[in-house]
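These notes concern the structure reproduced below.
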Amino acid sequence: MADPLGGAGRLPAVFMAPGTSSFTDFLSQSAPHLLPGAREGLPAPVTEVAHGTTIVAVTFPGGVIMAGDRRATQGHMIAQRDVEKVHHADDFSCVGYAGTAGVGAELIRLFQVELEHYEKIEGATLSLDAKANRLAAMVKGNLPMALQGLAVVPLFAGYDEDDGIGRIFSYDIAAAMSEERTYESIGSGSVFAKGSLKKRFRADQSQADAVRIAIEALYDAADDDSATGGPDLIRRLYPIVAVVTVDGYRRYGDDEVEPVVSAIIADRSTSAGG
């Protein structure tokens, strides 16, 4: 069997040399072909791939909620009903994505390793602004693929330990970054989700209120956007909901999300019946 280390029994020199605290920079030197945006040019724009859809984020005093629907679509077909588009980034942040599902999952994994690598090398964590800027650089690196149809747009949120607040950062495909202090939504159902959030958001809302209006925003988006999946009570598929506070990142269990979904459905059924 061939020695994957080239017969020397040692790691290549690039692994042994003092390097950067950025894992993305290290990867660009040691194995650039593994970067999400480092694919060779495609012969034509790609359209027949699975796409993730709507993500929302909502701040409340002391933290931020992020929630995402579970549907991935391919054209007019449902490609997957239980995809997870909201993920833990590190102890005090989370990230979700809309766009090409495969590339989005790659980008999220690379971002997670980027933050972990920095912490191991430097012995400290990046500030929330620095994390947001690192993610922007990764989005920019995927621009050539985005122009060929493999676009990914992330939504990043976290707890700012210096200011004691939740913050939200959004991006476009060219990596232009903007901060939202109240709420934000990305994906095909974002227009409808933002309209819902605009009506229900309050600056003094509780964490429970923020969870409810985030789920309601996804419910409203699913009502008008076929690419956004609503709660599936038969299959017990509910939105992914995560919270980041001074206590760190926590994902809500389905047993916590289900009562909120049931209450929303009951309230709307009562209103419709009235």
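Of everything in the range 144-163, what is part of a loop (DSSP other than H, G, I, E, B) and under 17 Å from Ala89 (Cβ atoms)? Give them in sequence order.
Of everything in the range 144-163, just one residue is part of a loop (DSSP other than H, G, I, E, B) and under 17 Å from Ala89 (Cβ atoms), namely Glu161.
Which residues, taken from the range 52-63, are under 19 Å from Gly158 (Cα atoms), assigned to a strand (DSSP E or B) and within 16 Å of the chain's Cα centre (by Cα)?
Ile55, Val56, Ala57, Val58, Thr59
Within the range 107-124, is there a residue that is at pLDDT below 90, open to solvent by less than 10 Å² (accessible area, probe 1.4 Å) and either part of a strand (DSSP E or B) or small (Gly, Ala, Ser) (or both)?
No, the conditions are met nowhere in the range 107-124.
Among what's in the range 51-97 and is open to solvent by 30 Å² or more (accessible area, probe 1.4 Å) and hydrophobic (A, V, I, L, M, F, W, C), pick the residue that is nearest to Arg250 (Cα to Cα).
Among residues in the range 51-97 that are open to solvent by 30 Å² or more (accessible area, probe 1.4 Å) and hydrophobic (A, V, I, L, M, F, W, C), the one nearest to Arg250 (Cα to Cα) is Phe92.
Checking Gly166 against (1) outside any strand (DSSP E or B); (2) open to solvent by less than 60 Å² (accessible area, probe 1.4 Å), which test does it fail?
Of (1) outside any strand (DSSP E or B); (2) open to solvent by less than 60 Å² (accessible area, probe 1.4 Å), only one is false for Gly166: (1).
If you scan the range 64-86, which residues turn out to be in a strand (DSSP E or B), touching a residue at least 60 places away in the same chain (Cβ under 8 Å) and of a type outside the set (Val, Ile, Thr)?
Result: Met66, Ala67, Gly68.
So if I check each of Asp225, Asp255, Asp204, Asp220, which one is of a type outside the set (A, V, I, L, M) and in contact with a Pro (Cβ under 7 Å, 6 or more places away or on another chain)? So that I can check it myself, show each step before the final result.
On the way: Asp225 fails: in contact with a Pro (Cβ under 7 Å, 6 or more places away or on another chain); Asp255 fails: in contact with a Pro (Cβ under 7 Å, 6 or more places away or on another chain); Asp220 fails: in contact with a Pro (Cβ under 7 Å, 6 or more places away or on another chain).
That would be Asp204, the only listed residue that is of a type outside the set (A, V, I, L, M) and in contact with a Pro (Cβ under 7 Å, 6 or more places away or on another chain).
From Ser262, Ser196, which residue is open to solvent by less than 40 Å² (accessible area, probe 1.4 Å) and either of a type in the set (Gly, Ala, Ser) or modelled with pLDDT under 95 (or both)?
Details: Ser262 fails: open to solvent by less than 40 Å² (accessible area, probe 1.4 Å).
Of the residues listed, the single one that is open to solvent by less than 40 Å² (accessible area, probe 1.4 Å) and either of a type in the set (Gly, Ala, Ser) or modelled with pLDDT under 95 (or both) is Ser196.
The values are calculated or read from the model by the stated rules, or taken from the named source; none is laboratory data. Quick caveat: nothing in here was measured; it's all calculated off a predicted structure. Heads up, the Cβs are rebuilt from the backbone with ideal geometry, glycines too, and the neighbour counts pull from every protein chain shown. These accessible areas exclude ligands, DNA and RNA; they are computed on the full protein's heavy atoms, side chains included. Shrake-Rupley method; radii C 1.70, N 1.55, O 1.52, S 1.80 Å.
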